[in-house]
Amino acid sequence: MLIEIDPKVDYAFKRVFGHEKNKDLLIHLLNAVLDPPLGEAVAEVELLNPFSPKDAPHDKQTILDVRARDQGGRQFNVEMQMISHARFPQRMLFYWADLHRQQLVEGEDYTKLRPTVSICFLNDTLFPSVPEHHLTFRLLDQKHGVPFTDDIVVHLLEMPKFGLIAAGLSSPLDKWLYFLKHARELDDEDVPVPLGTPEIRHAMEELKMLGQTTIERINYENRVKAMRDMAAHRETGYMDGHARGLAEGLVEGLAEGLAEGLADGELIGAIRTLQSVLNMPVTPQDQLRGMSTPELNALAEQLRERTGS
């Protein structure tokens, strides 16, 4: 029987890895990504934002990541993202910083801070010039490679670059990546041998349960629809803004005006699209055209943060 639920949809991802009863799966996934030295593996985790069907993604700005703390106090932010965008690295850094600062309350000593690790499974390509699918970022000196601190680590897994077939899977991370990419087409009665591990079998059962639970299936389908709508709005907003900017620039008749018109037109299109996605009143075009480029940039960024994109 085909699974038919796609774990690349963030609602399903959190259902599998962010549920209290599935902490063993999260631990296994973390160790697969971190590939820690002997004695430094994650053994226990505390979920900081456990999954609940009340995470119902009717609100398109819902952020369905998984936040956890291990036995040594390290914090983890694990997320699944379907698409990237120009400001995606800034977004990841912002969420890393938000989780890291939550370790302390006012007056507490900085010595209490423990490392915060961000892990993002991205169903898109952010660094096309790099062939590897697993990239690890740290804060290092540019010349000598000396780490400024071990507190910040970002793992980016660009899933389109992962191309192993089932027969070629060896490491735990290979198996999880294959599962995440292909789970929807897997037959639970005919699972490839490398995927027959207890953890992968458990994850498949969780996806099947999601598909068979009415409220969770509705939430999943709503999230799929919301993600499709956002992708369509982004594309439409870009094209509308591009055309509007071109027209405005041509009217001015100068190369400088053309460049500025294109940029502002794209921003105006993006702002109106994001407002529509967020079910907000859409600002009239004339009013937006009266704003400066920095003001348009600031408004667009605020709206992007609200969508979690």
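The values are calculated or read from the model by the stated rules, or taken from the named source; none is laboratory data. Just so it is clear, the structure is predicted and the values come from calculations on it, not from any experiment. No Cβ is skipped: glycine too gets one built from the backbone with ideal geometry, and neighbour counts run over all protein chains shown. Heads up: the accessible areas ignore ligands, DNA and RNA and are worked out on the full protein's heavy atoms, side chains in. Shrake-Rupley method; radii C 1.70, N 1.55, O 1.52, S 1.80 Å.
Quickly run through segment 9-41 and pick out the residues that are part of a loop (DSSP other than H, G, I, E, B) and crowded, with 20+ Cβ neighbours inside 10 Å.
9, 18
Residue 130 fulfils the conditions (1) open to solvent by 20 Å² or more (accessible area, probe 1.4 Å); (2) closer than 23 Å to residue 40 by Cα; (3) in contact with a strand residue (DSSP E or B) (Cβ under 9 Å, 6 or more places away or on another chain) except for a single criterion, (2).
Against the conditions (1) touching a helix residue (DSSP H, G or I) at 6+ places or on another chain (Cβ under 8 Å); (2) touching a residue at least 40 places away in the same chain (Cβ under 8 Å), residue 185 satisfies every one except (1).
Quick check: anything in segment 251-258 at pLDDT 80 or above and assigned to a helix (DSSP H, G or I)? Scanning segment 251-258 turns up no residue that is at pLDDT 80 or above and assigned to a helix (DSSP H, G or I). Only one of the numbered conditions (1) among the aliphatic types (A, V, I, L, M); (2) open to solvent by less than 50 Å² (accessible area, probe 1.4 Å); (3) modelled with pLDDT under 95 is violated by residue 159, and that is (3).
Would you please name the residue that is least open to solvent (accessible area, probe 1.4 Å), looking only at residues in segment 95-127 that are aromatic (Phe, Trp, Tyr) and touching a residue at least 12 places away in the same chain (Cβ under 8 Å)? Please lay out each step first, then the result.
First, the residues of segment 95-127 that are aromatic (Phe, Trp, Tyr): 95-96, 110, 121, 127.
From what's left, touching a residue at least 12 places away in the same chain (Cβ under 8 Å): 95-96, 121, 127.
Numbers: 95: 29, 96: 34, 121: 0, 127: 68 Å².
Here the answer is 121.
If you check 272, 201 for being basic (Lys, Arg), open to solvent by 60 Å² or more (accessible area, probe 1.4 Å) and at pLDDT 85 or above, only one passes: 201. Within segment 167-198, can you find the residues that are hydrophobic (A, V, I, L, M, F, W, C), over 25 Å from the mean Cα position of the chain (by Cα) and open to solvent by less than 40 Å² (accessible area, probe 1.4 Å)? Result: 191, single match. Of everything in segment 128-137 that's over 18 Å from the mean Cα position of the chain (by Cα) and touching a residue at least 12 places away in the same chain (Cβ under 8 Å), which residue is nearest to residue 74 (Cα to Cα)? For segment 128-137, the residue satisfying everything is 132.
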